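Read the structure below first, then the notes.
Throughout, read-outs are computed from the coordinates displayed, never taken from laboratory work. Worth saying up front: this structure is predicted, and the values here are computed from it rather than measured. Methodologically, a virtual Cβ is constructed for each residue, glycine included, from the backbone with ideal geometry; neighbour enumeration extends over all protein chains shown.
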Amino acid sequence: MSDSARTSTAPRDHALPDRLHELATTPGDPNYQRLRHTYCYTGSPALVLSAESDDDVVAALAHARERGGPMSVRSGGHGISSRSTNDGGVVLDLSRMHAVEVLDRGERLVRVQAGATWGEVAAQLAPHGLAISSGDSGDVGVGGLATTGGIGLLGRRFGLTIDHVVGATVVTADGRVLHVDAEHHLDLFWAVRGAGANVGIVTEFTMRAAEVPGVVHATLAYDARDAASLLERWGAAMAAAPREVTGFLYLFGGGRGGTSAMASIVVATTEAETAQRLLQPFTEVAPVQGARAATTSYDAVVQASGAPHTGAAGGATRSALVDGLDRETAEVLAGLLERGAADSVQLRALGGAVNDVPADATAFAHRHQAFSVLAVVSPARKAALWAAWEDVLEHADGLYLSFETDDDPRRLTEAFPPPTLARLRAVKAEWDPDDVFSHNFDVSRVAEPVTPPGR
Ligand SMILES: Cc1cc2nc3c(=O)[nH]c(=O)nc-3n(C[C@H](O)[C@H](O)[C@H](O)COP(=O)(O)OP(=O)(O)OC[C@H]3O[C@@H](n4cnc5c(N)ncnc54)[C@H](O)[C@@H]3O)c2cc1C
């Protein structure tokens, strides 16, 4: 750590312990502009505490509790579903805790701190021939993604990001620093893999990476004027594809030519001929307007841009999981764009290794669905999306919280099936009885009795 990183020009807050003053950024500080916002939200926190160690996190959390008011936890600042900034409160920022270390190459064990971005993780692991499936953006942080799910471009081959987690360090609401894994604090270990923000602050993860010497990455632009047919055929092609293939499809409405679409497909192989054969069906789902495919390394697919956060990217989003893309589901999703209820609709493939994991193994219990669906609209048109989403719900089977912005507690019952929710509420009641971690889809907001966890 450089001296300048430690030095804050913020006015000294006498209520702040000395050690926290070194970590503090307040509205008078030149760094404040860089730290106040996240990717999606503008914020005016009274205090940002940038921790550099577990002890810093403990001290910062104790101070935030004593001070009262809003408290946000931030890793990469790319949260869509919650607010890792606030107005007038404390932000506990983990971005300085961004180490990535290969602990044991033979066992593929990797230590990853929560404040790293997935682009950094991929870049550090690539020289070792290793990778951890993350989302499609290298700027997304480890902490938010690895505590919620992690639907990535190697997902069908290697599972969700949380499926790579074999242990974690958690700071609990009462300031304990716990190592959790399959043999220590099993309930917490279960909860941090799918609902981590409810039960503590995860400062680092031990993960088992995958052997990924390289991948074939393809991007295709489609003529999407018949969006329903494209979706239906895309669904069939994904369902027929082996687990080496994971594809994300992005549809955009409103342009002069109507709906347009782009696909990003990763084939977990370095064999060009195999990849070509596996990609062929995706060139037949709609007229292709442009296509590129190259053998590359996973880190080239998820490079971080490091662009500063301005809060400008915030849209209103709805999220659902679906079991497949039959004609009716495809028409409903295409209709969101055609009716102007969504600016974009994104589909991320599930299945394969994601669905090998038993539903009760992690707090992300959705282990049979085929796609995650995300619809985005400008905040001004939120009501139109919310109204149109009622039709999507008829075809939905669960929800992935990382893509949802509706804060109605009913979303929690879609995200967590009844046994998961009951167990989660019991874990929360035990580890966060004062509801300190209330800022991200707080499971104690659902009006249901807490039943003993089935363990
Ligand atoms: C451009 C973009 C692309 C995306 N693509 C994908 C994708 O392909 N697949 C996918 O699965 N998701 C994707 N996401 C969603 C993303 O996974 C979530 O928004 C995730 O929460 C972001 O993590 P973060 O650390 O950057 O977020 P932050 O904004 O830092 O945190 C989000 C929330 O997570 C909680 N949190 C953060 N850090 C911790 C921690 N260390 N311990 C406990 N709780 C914590 C906090 O409640 C916080 O408010 C994408 C998001 C964006 C903006």
By how many degrees, 0 to 90 and rounded to 10, does the Cα axis of helix 382-393 deviate from the longest principal axis of the chain?
60
List, in order, the whole-Hz ³J(HN,Hα) value for each residue of segment 57-73 obtained from phi through the Karplus relation with A = 6.51, B = -1.76, C = 1.60 and θ = phi - 60°; use x for Gly and Pro.
4, 4, 5, 5, 5, 4, 5, 4, 5, 5, 5, x, x, x, 9, 10, 9
Inter-label distance for Ser53 and His128, nm, one decimal - labels placed 7 Å from Cα along Cα-to-Cβ:
2.4
Filter the GluC sites (Glu not before Pro) in segment 368-438 down to the DSSP loop ones having no more than 14 other Cβ atoms within 10 Å, then list what survives.
Glu394
The set of residues whose placed amide H lies less than 5 Å from the amide H of Ser72, leaving out same-chain residues fewer than 5 positions away, is Val90, Val91, Leu92
Order these by the 10 Å Cβ neighbour count, fewest first: Ser319, Ser297, Ser378.
Ser378, Ser297, Ser319
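Provide Asp442, Asp356 in ascending order of the number of other Cβ atoms located within 10 Å of each residue's Cβ, fewest first.
Fewest-to-most ranking of Asp442, Asp356: Asp356, Asp442.
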With angles folded into 0 to 90 degrees, how steeply does helix 227-240 sit against the dominant principal axis of the chain? Use alpha carbons for both and round to 10.
80
Under 5 Å between amide H atoms, partner at least 5 residues away or on a different chain: which partners does Asn86 have, H built in plane at 1.01 Å?
Ser44
Interchain or sequence-distant (5+) residues whose placed amide H lies within less than 5 Å of the amide H of Gly167 are Thr206
What whole-number distance in Å separates the alpha-carbon centres of segment 385-434 and segment 113-188?
21
Assigned charges on the beta-carbon of Lys, Arg, Asp, Glu; the chain dipole about Cα centre (debye)
540
Simple label model, 7 Å out from Cα along Cβ direction - Arg111 to Leu178, nm
2.1
Return the sequence-ordered ³J(HN,Hα) values of segment 429-444 in whole Hz as given by the Karplus equation 6.51 cos²θ - 1.76 cosθ + 1.60 applied to θ = phi - 60°, using x for Gly and Pro.
4, 6, 9, 9, x, 8, 6, 5, 9, 10, 8, 8, 6, 5, 5, 6
State to the nearest 20 debye the size of the charge dipole of segment 3-93 about its Cα centre, where the only charges are +1 on K and R beta carbons and -1 on D and E beta carbons.
360
